[in-house]
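Have a look at the structure below before the remarks.
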Amino acid sequence: MLIENKKIEKTCSFYVSDFHLEMILLPYINKKVEDNEKVIIQSEKNLTDSINLLVTRTNLTDENKTKILNLGWNKNNNIELEDKSNIIIIGSEHYIKSKNHEIENLPITRVEVLDCYNFEEIKGTMNSIIEQYDNALNTLGNKNF
């Protein structure tokens, strides 16, 4: 999606529980961390306890575990983006739309956005949500529509 010379690459993901979400996100985030890309978590609720538990049970390097845990899995309200950032937005449909609107109004030229929806909240409108994206992230990885 091009917005006034901005490139905002948008991907969606759907989850049924916090652990399910984190299992989907962990390989994606680990790859970004390994590639030294900036990752920002914007979550409507605090996910610190569940991500701590999950990361301790993985075979990731200790360095990557530390980097992933330090991304800020608690409830975040302010977006501090810079070009070439990867932002993961987790929350209600209203929260996701609000954060995307904020991103569109920031003075950046390129950003990747991963919007993570709780399946139970949006299951009746999932098809209309999917139509707004080119890609989806699931347990099999990032897939084009």
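What are the residue pairs meeting all of these: first residue in the range 11-22, first residue under 13 Å from L54 (Cα atoms), second residue surrounded by 20 or more Cβ atoms within 10 Å (Cβ to Cβ) and of a type in the set (V, I, T), Cβ atoms under 7 Å, and 6 or more apart or on different chains?
Final answer for the pair search is L21/I90; E22/I51.
Any residue in the range 64-89 that is under 23 Å from S50 (Cα atoms) and touching a residue at least 24 places away in the same chain (Cβ under 8 Å) sitting within a Cβ distance under 8 Å of a residue that is hydroxyl-bearing (S, T, Y) and open to solvent by 30 Å² or more (accessible area, probe 1.4 Å)? List the pairs, counting only those 6 or more apart or interchain.
What qualifies is W73/T48; N74/T48.
From Y117, Y133, which residue is open to solvent by less than 20 Å² (accessible area, probe 1.4 Å), within 13 Å of the chain's Cα centre (by Cα) and not polar (S, T, N, Q)? Steps first, answer last, please.
Details: Y133 fails: within 13 Å of the chain's Cα centre (by Cα).
On inspection, the qualifying residue turns out to be Y117.
For the range 55-85, which positions are part of a helix (DSSP H, G or I), open to solvent by 70 Å² or more (accessible area, probe 1.4 Å) and more than 25 Å from N100 (Cα to Cα)?
T56, D62, E63, T66
Being open to solvent by 20 Å² or more (accessible area, probe 1.4 Å), under 13 Å from the mean Cα position of the chain (by Cα) and hydroxyl-bearing (S, T, Y) narrows it down to one of Y28, Y15, so name that one.
Going through Y28, Y15 in turn, just one is open to solvent by 20 Å² or more (accessible area, probe 1.4 Å), under 13 Å from the mean Cα position of the chain (by Cα) and hydroxyl-bearing (S, T, Y): Y28.
The values are calculated or read from the model by the stated rules, or taken from the named source; none is laboratory data. Computed from a prediction, not measured in an experiment: that's the story for all the values here. With ideal geometry, Cβ positions are generated from the backbone for all residues, glycine too; neighbour counts draw on all protein chains shown. Calculation scope for accessible area: heavy atoms of the full protein, side chains included, ligands and nucleic acids excluded. Shrake-Rupley method; radii C 1.70, N 1.55, O 1.52, S 1.80 Å.
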